[in-house]
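Single-structure report; data block below.
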Amino acid sequence: MTTTLSVKSPSVDNSHLKALKALDIPARLLLGPGPSNADPAVLAAMDRQPIGHLDKAYLHLMDEVQELMRYAWQTDNRMTLPVSGTGSAAMEATLANTVEPGDKVLVCVNGYFGHRLMDMAGRYGADVCQINRPWGDVFTTKEIRAALETHRPKIMAIVHAETSTGVCQPMEGIGDLCREFDCLLLLDTVTSLGGVPLFLDKWGVDLAYSCSQKGLSCPPGSSPFTMSDRALDALNNRKGKVANWYLDMSLLANYWGKGRTYHHTAPVNMTYAIREALRLLAEEGLDARWKRHQDAAERLYAGLEDMGLECHVPREHRLHTLTTIRIPDGVDGKQVTARLIDEHDMELGGGLGDLAGQVWRVGLMGYNATSDNVDKFLSALKQVLA
Ligand SMILES: Cc1ncc(COP(=O)(O)O)c(C=O)c1O
């Protein structure tokens, strides 16, 4: 079947385009699932002229970014770098480099992003299998052991911080199980990096990815990626080429590693931005950063309780960076989010997938994780609900 696209030739009259005014972006407080507001210092760092992506000053920045990223993730992985693109590009990089047609990939699905991992793995020819929990629950090591025993996968993927549900998956013991069953552990840390405790090496994580626009307080577009030596072995022992040229780490290694050979033009200003974002994280220190997020989240929980609102996730599994609030009966959730934007310039997220229409999602991430923002949010929500 052929699809006909109707192509309208562009008008030569561009007077309406000429009349466009310079960019005018409304000032919003982004308290949804992301992006979050960028730290002004990060925006200032971006506001420089680009330099060549092979300039020695730029190469030095690349080294710094890699070292800072290892600190943020608590890993010694050599192959740690920012992927040019958003979190999904780094997510795809983990699978593209390690999956070959027919490889078994087990995905733990308890929210929206588990489904995305399954979809991506399938596109690289994986034999995908899954275990499921309701949206809002976590997986136990017992369930994971049983699934590894049954499926014997090459890779097991799990989401540390499920942005669709507000759950933080406990990681103790999962890496040991993956080693026992000789499988690579792939972890989504998009909503945990820079916000909640993460110890990749201690947890035995082999492949991980994140994003810039949440806990790192940076605009979207430069996404942390890392792979362990075990995962590198899988890459080096592939039968065929990585099917995705742009994300092929064996090629990117020649740019980020010793070779320094051109691969693609680096998004130079995004590297300035993520370098500054990671520098700010190192300056604050991981413990202080995690505590700031925990304090903000606990202030939010207390305020919600005072208002008689309920969180979707039991306290012990709540993710400090992202809270899901049950929408009370009789309240139009979408109307509330619309009014928060219109009347308070405040973005709040709605529910996704299984939780659509049931919850609001509040992000307190990176630069935005402050008691002041919690108070602003609670006061605005009170006004709108009243
Ligand atoms: C847990 C999780 N994984 C993956 C992604 C995809 O990242 P991006 O939207 O930056 O491509 C997101 C985005 O919010 C996410 O929350």
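The values are calculated or read from the model by the stated rules, or taken from the named source; none is laboratory data. Owing to the predicted nature of the structure, the values given are computational and were not obtained by experimental measurement. Positions of Cβ are generated from backbone atoms using ideal geometry, with glycine treated the same way; all protein chains shown enter the neighbour counts. Surface accessibility is based on the protein's heavy atoms, side chains included, excluding ligands, DNA and RNA. Shrake-Rupley method; radii C 1.70, N 1.55, O 1.52, S 1.80 Å.
Summarising the amide proton neighbourhood of residue 129: residues at separation of 5 or more, or on other chains, whose placed amide H is nearer than 5 Å comprise 105, 106, 107. Database remark: amide H of residue 217 closer than 5 angstrom to the amide H of 367 (H placed geometrically; neighbours at sequence offset of 5 or more, or on other chains; Pro and chain starts carry no H).
Shape of the stretch 197-251 from its Cα gyration tensor (a ≥ b ≥ c, root eigenvalues): rounded if a/c is under 1.5, otherwise prolate when a/b > b/c, or oblate?
Numbers: a/c = 4.40, a/b = 1.38, b/c = 3.19.
Oblate.
Name the lysines eligible as straight-distance cross-link partners of residue 241: C-alpha to C-alpha under 20 Å, and not fewer than 8 places from it in the same chain. Once the sequence-local lysines are set aside, what remains near residue 241 is 104, 154. An oblate overall shape is assigned to the stretch 161-286, the ratio a/c of its alpha-carbon gyration tensor axes (a ≥ b ≥ c) being 1.5 or greater and a/b not exceeding b/c. Taking label positions 7 Å along the Cα-Cβ direction at both residue 251 and residue 375, the computed distance is 5.3 nm, reported to one decimal. Taking only protein heavy atoms and a 1.4 Å probe, the accessible area of the chain is 51% carbon and sulfur.
When a/c reaches 1.5 or more, the comparison of a/b and b/c decides; with that in mind, is the chain rounded, prolate or oblate per its Cα gyration tensor?
rounded
If you sort 131, 144 by accessible surface, 1.4 Å probe, largest first, the order is 131, 144. One chain, two ends: residue 25 and residue 229. Fully extended at 0.36 nm per residue, the span grows by 69.0 nm beyond their Cα-Cα distance. The string of couplings for the stretch 83-89 from the Karplus curve (6.51, -1.76, 1.60, θ = phi - 60°) is 7, 6, x, 8, x, 5, 5 Hz, one whole number per residue in order, with x for Gly and Pro. Scanning residues 5 or more positions from residue 312 or on other chains, those with amide H under 5 Å from its amide H are 324, 325, 326, with H placed 1.01 Å from N in the peptide plane. Each residue of the stretch 325-340 was assigned a 3J(HN,Hα) from its phi angle through the Karplus curve 6.51 cos²θ - 1.76 cosθ + 1.60 (θ = phi - 60°); the sequence is 10, 5, 6, x, 4, x, 9, 8, x, 5, 5, 5, 5, 5, 6, 4 Hz, with glycine and proline shown as x. Computed 3J(HN,Hα) for the stretch 281-296, one whole-Hz value per residue from the Karplus formula 6.51 cos²θ - 1.76 cosθ + 1.60 where θ = phi - 60°, is 5, 5, 5, 5, x, 4, 4, 5, 5, 5, 5, 4, 5, 5, 4, 4, glycine and proline marked x.
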